[in-house]
Amino acid sequence: MNIHLTIIMLLNTIELAVPCTILARNLERRNYFVLRLFCCLALVFVYIFLFPLEGLNYLLIHIPIILVAFLYLKLCYKTTMTQTVFLGTIGYTLKHISSLINSIITVFFPRVFGHFSETKGDYFILGYALIIGIDIIVFSIAYYITAKKAIRAELQKNATIPMSILGAIVLIMNQFWSLGIVVAGADYTVSYSSLIEYIWNLMFCFLVLAIQFNIVQISEKDKELEITQRLIADKEQQYKMSKSNMEAIQKKCHDLKYEIAAIAMGVEPTKHAEDAMAVLRTFNSDIKTGNTTLDIIFNEKNYYCKDHDIVFTPMIDGAALSFIKTTDLYVLFSGLIDSAISSVRQLANHTKRYIYIYVHSEKGFLLIQIEHPLDLDKDYILKERNGQIIVKRPELAGLEYVIEKYDGSINTKLEEDIFMLNIIFPISESLEQEKK
Amino acid sequence: MRNIAIVDDDANIRQQLQSYLKKYTENFGEDFVVSEFSIPEAFLTNYKSNYDVVFMDIDMPGMNGLQAAKRLRELDEKVVLIFVTNLAQYAIKGYEVAATDFVVKPLEYTKFETKIARAIKLTDDRAKSPSLLLRVEDKMVSIKMEDIRYVEVQGHNVYYHTSKDTYRIRGTLKESAAELDSNEFFMCAKCYLVNLAYVESVKGNVVTVAGQDITVSRPKKKEFMEALAAYHNKR
């Protein structure tokens, strides 16, 4: 076994592990992280012993390297397949850029950087030190230019295929170039003829990064599209609700006209006056929350609830919601109330048709709590976690974007047949001062 | 046997609540001793902390329900307080006096049943109030779990910061975590296990627990917020 090449392989592994670890810093580590890390390292050692770096193995070196990157991310961190491929490919590309810059410098300063050659450079240790130095510079620049964005990237499921294809292309192209250079008889290590291959390869790496972030952008746009589609669906729902409200108002107006006419004719005026008051009370129950957006949403939903025998009780400290944008408030509360209404409407027992909504601030947090009975005979996805029964509601998944935008979190649970939802938002310091 | 107080100036509402409690007894076999008060002053004068649940009207002449609740909290922090109101919009202020729940007029038995069942569960939970036995130096110390604000590890020492004192024992944070309720406590950093009841604020990655700033690791932040949302969903 060539010790020198083995050191290079290990160096490659470290060069790969560093960007991948930087990229994975936002991900949660799996249990027994250190053990898993050792497993990955052990695998690298086994590979080096089984397939020493010579001949075809040397040419196919990129395949195990990228596979180790994927394996490391998937095995050590809680991540999806899409994220693994995305971060693994970026990590590999960054490592490759660093190696290529090393190789290009080697062409110009073979005596110092000629650590790849059989004869070795005259300044062997200095050469390795410079590799590490270049790695640090490249990874630092990469971190500030690309990695920060990659860490924050939120990938949709539909990005899996383009991301995987890109990962495969990166591999194939690297093999293709390496093979091409050897077939062409070029000195793969230290020669000016290799320079063209290195520069080509470098450009390709930049292209890969550009495409990667393009896919991220498309993925983010997809998410925005999903929200827009949800808003359109909400508008449809809104239309149906408005139509229902209009019909109810017309019906009530008709009743009122009848009652007033009866009073005017002097037929049982007391009874008709009472009936007329009852009709008027339906519309005279303005909900005032202290937040104009909520007043509009709640009053409209309230009319709809009254018409469908649902007791709708909001207890709202509207001022506490001032840090949430109007559009987000609308999306959030419309979604929450619509979901509650659709559940309660399925209850055959009308006495159980009620919805409580609480919004209040407590310490440094804003809490939104919704409570209503659920018909458990319907298809709800129930899961148990920490002794609590969690209710999975697909229609609420679309709201997570708004909740996470304000650093919030949502929890749902079931107590007997009562569905309870809680959303918590940290209130910013500035808002607290404003309130004081 | 549960001690219940009903504070409402409306005799009809008091009677209705009595009949609902009676119905609950018939349905679930839970016995209640009910005391009625038409004015809060009568309830608060010579108040003894022997009530499990208090039903309090908000809109009352003289001292209103919120003022009465504030005074009640000075006398009794633990009692389960349920506001009975037709002023749903103003009832939310009840959270300022640690109201446990709200019943909105007109009263209906179905909703009432849910509320009283939850209140009973809460009184049971509070009565249990589990304790932890710690070997501090050469003596055994018993501390209530609800008094623990956060647990901190430094080297081989574990510090239990409670509302009264700080206790040091030998051990690891994992051992401490195993003894504490996972729904109440959360390990938000390698060295800290926090009682979610004492979390005062979250700013970025910094969590303030009983005045102590603790940095939550980025990957743990989401999990921490989920735990906090679940904790506050216990009402």
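The values are calculated or read from the model by the stated rules, or taken from the named source; none is laboratory data. Only a predicted model underlies this, so the values are computations on that prediction, with no experimental measurement involved. For neighbour counting, all protein chains shown are included, and Cβ atoms are generated from backbone atoms with ideal geometry for every residue, glycine included.
Only residues that are within 13 Å of another protein chain (Cβ to nearest Cβ) and over 17 Å from B:Leu180 (Cα atoms) were counted in the stretch B:109-133, giving 14. Being closer than 19 Å to B:Ala189 by Cβ and part of a loop (DSSP other than H, G, I, E, B) is the filter here; which residues of the stretch B:147-179 pass it? Result: B:Gly155, B:His156, B:Gly171, B:Thr172.
The stretch A:326-436 holds helices (runs of 4 or more DSSP H) entirely within its bounds, and those carrying 3 or more residues that are at pLDDT 90 or above, in contact with a strand residue (DSSP E or B) (Cβ under 8 Å, 6 or more places away or on another chain) and surrounded by 19 or more Cβ atoms within 10 Å (Cβ to Cβ) map to A:326-344. Which of the residues spanning the stretch A:98-112 are buried (at least 24 other Cβ atoms within 10 Å of the Cβ) and touching a Leu at 6+ places or on another chain (Cβ under 7 Å)? If the condition is that a residue be buried (at least 24 other Cβ atoms within 10 Å of the Cβ) and touching a Leu at 6+ places or on another chain (Cβ under 7 Å), then no residue fits. Candidates B:Ile116, B:Ile143: the one that is in a helix (DSSP H, G or I) and not polar (S, T, N, Q) is B:Ile116.
When residues in the stretch A:66-89 are screened for being in a helix (DSSP H, G or I) and among the hydroxyl-bearing types (Ser, Thr, Tyr), 4 of them pass. Considering only residues in the stretch B:176-213 that are surrounded by fewer than 16 Cβ atoms within 10 Å (Cβ to Cβ) and over 20 Å from B:Tyr160 (Cβ atoms), the one that is nearest to the other protein chains (Cβ to nearest Cβ) turns out to be B:Lys203. Can we say A:Phe312 is within 14 Å of chain B (Cβ to nearest Cβ) and in contact with a strand residue (DSSP E or B) (Cβ under 6 Å, 6 or more places away or on another chain)? Yes. Among the candidates B:Val151, B:Val216, which residue alone is within 14 Å of chain A (Cβ to nearest Cβ), surrounded by 12 or more Cβ atoms within 10 Å (Cβ to Cβ), touching a residue at least 12 places away in the same chain (Cβ under 8 Å) and β-branched (Val, Ile, Thr)? After applying the criteria, what remains is B:Val216.
Could you identify the single residue in B:Phe37, B:Phe43, B:Phe55 that is under 23 Å from the mean Cα position of the chain (by Cα), farther than 17 Å from B:Ala119 by Cα and without any contact (Cβ under 8 Å) to a residue 60 or more places away in the chain? Every option except B:Phe43 fails the conditions. Tell me which residues, restricted to the stretch B:206-235, are farther than 24 Å from A:Glu415 by Cα, in a helix (DSSP H, G or I) and in contact with a Ser or Thr (Cβ under 8 Å, 6 or more places away or on another chain). Of everything in the stretch B:206-235, just one residue is farther than 24 Å from A:Glu415 by Cα, in a helix (DSSP H, G or I) and in contact with a Ser or Thr (Cβ under 8 Å, 6 or more places away or on another chain), namely B:Lys222.
Exactly one residue out of B:Tyr20, B:Tyr90, B:Tyr24 is at pLDDT below 85 and touching an Asp or Glu at 6+ places or on another chain (Cβ under 9 Å), and it is B:Tyr90.
Can you spot a residue in the stretch A:216-233 that is buried (at least 17 other Cβ atoms within 10 Å of the Cβ), at pLDDT below 80 and part of a loop (DSSP other than H, G, I, E, B)? Looking for residues that are buried (at least 17 other Cβ atoms within 10 Å of the Cβ), at pLDDT below 80 and part of a loop (DSSP other than H, G, I, E, B), one finds none in the stretch A:216-233, hence no.
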